[in-house]
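Participant: The structure's right below; bear with me while I get my questions together.
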Amino acid sequence: MNNKVAIVGRTLEIEPQGLDKMWSFKRKLVMPIEHVLGASEDPGILDDAKGWRALGLHVPGKWAGTFTEHGEITFWNVTRPESPIVIQLKGERYDRLVLGVEHPHELVNRINAAISEQQRTNCSI
């Protein structure tokens with residue numbers, strides 16, 4: 001597992017684990033749920049071009065750090081053969097996050113449920 005991901009109150013917290021903190025140059029990412037557009041599983045993304053590496057590590061089968069492609073800034077922290085999740089963002093430094101996590105299907109469902117709950121809360125205010 002490369003990342004510990006938690007929903008704490010109205011925030012999404014991502015904490016790279018072990019040496020991934022060093023390789024990705026990130027100790028923790030924290031963002032409000034309202035800045036999260038959605039999450040999905042995308043094993044095929046590991047075969048896509050990563051773009052230009054601004055800061056971090058890229059060796060065969062391991063991506064950690066900030067990559068830029070076509071004006072989109074993406075934080076990667078994933079190791080092959082993990083099934084990565086992709087989290088789309090708005091109003092944040094990164095346009096998306098590509099993360100290796102334990103139980104990707106359950107995490108994607110939890111993130112998307114938190115987004116739905118946040119939207120319902122905003123509509124009822």
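The values are calculated or read from the model by the stated rules, or taken from the named source; none is laboratory data. Here the structure is a predicted model, which means the values were calculated and not measured. Backbone-built Cβ (ideal geometry, glycine too); neighbour counts: all protein chains shown.
Participant: Which of the residues spanning the range 7-31 are aliphatic (A, V, I, L, M) and under 27 Å from T121 (Cα atoms)?
Facilitator: I7, V8, L12, I14, L29, V30, M31
Participant: Do you know which of the residues in the range 37-91 that are modelled with pLDDT under 85 and of a type in the set (A, V, I, L, M) is surrounded by the most Cβ atoms within 10 Å (Cβ to Cβ)?
Facilitator: L46
Participant: Taking the residues in the range 18-31 that are in contact with a strand residue (DSSP E or B) (Cβ under 6 Å, 6 or more places away or on another chain) and outside any helix (DSSP H, G or I) as candidates, determine which candidate is surrounded by the most Cβ atoms within 10 Å (Cβ to Cβ).
Facilitator: At the first step, the residues of the range 18-31 found to be in contact with a strand residue (DSSP E or B) (Cβ under 6 Å, 6 or more places away or on another chain) are 20, 23-26, 28-31.
With outside any helix (DSSP H, G or I) added as a condition, the list becomes 25-26, 28-31.
On the way: F25: 15, K26: 20, K28: 10, L29: 22, V30: 11, M31: 19.
Checked the range 18-31; the qualifying residue surrounded by the most Cβ atoms within 10 Å (Cβ to Cβ) is L29.
Participant: Further question on the same structure: Just need a number here: residues in the range 1-44 that are acidic (D, E) and over 17 Å from R80 (Cα atoms).
Facilitator: 3
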